[in-house]
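Engineer: After the structure tokens below, expect a handful of questions from me.
The values are calculated or read from the model by the stated rules, or taken from the named source; none is laboratory data. All values reported here derive from a predicted model rather than from experimental measurement. Cβ atoms come from the backbone with ideal geometry, glycine included; neighbour counts cover every protein chain shown. Keep in mind that these areas ignore ligands, DNA and RNA; they rest on the heavy atoms of the full protein, side chains included. Shrake-Rupley method; radii C 1.70, N 1.55, O 1.52, S 1.80 Å.
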Amino acid sequence: KEMAYYILNSGAWGTKERADSSRVYRESKNGEYTSARLKVFFRTLFPSRQALSMRYGKIATHRPLYPFIAVYRWFDVLINRRNNIKRNLDSGLIGDEQVSEFASHCQSMGLRSTL
């Protein structure tokens, strides 16, 4: 019943709040959500080469070009995707109670090992 309620309230593609809770929960260790939020924040600022290659193609997979692509991405976000800045800053404001609720859902369904 709990899982059905969760799924029905998430909509077709999920919600931003649940995605943020999931990211923080995935990075957390033993319920420590503050350091997990920092990891999520820095991963947003400095995505992996694989994540950059999804947006910028094969050029992002070349190691020497990674710093340049990362800086280019910052300017791209500032100029073309400003709405993403606020959305990503909001993800750092997810409360411990929201992440704890998400964690309890995952643990009750046995999903911690799959995340």
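Engineer: Quantify, in whole percent, the carbon and sulfur part of the accessible surface of region 21-62 (1.4 Å probe; protein heavy atoms only).
Structural biologist: 58 percent
Engineer: Hey, another quick one. Net charge around Tyr56, counting only other residues with Cβ within less than 12 Å of its Cβ (Lys, Arg = +1; Asp, Glu = -1)?
Structural biologist: Details: positive: Arg49, Arg55, Lys58, Arg73; negative: Asp76.
Overall, the nearby charge balance is +3.
Engineer: Please compute the Kirkwood hydrodynamic radius of region 1-53 from all pairs of different C-alpha atoms, in Å with one decimal. Before the final figure, lay out each step's value.
Structural biologist: Numbers: mean 1/r = 0.0787 Å⁻¹.
Taking the inverse mean of 1/r over all distinct Cα pairs, region 1-53 comes out at 12.7 Å.
Engineer: According to a simple spin-label model (label point 7 Å from Cα along Cα-to-Cβ), what is the distance in nm between Arg81 and Lys58?
Structural biologist: 2.2 nm
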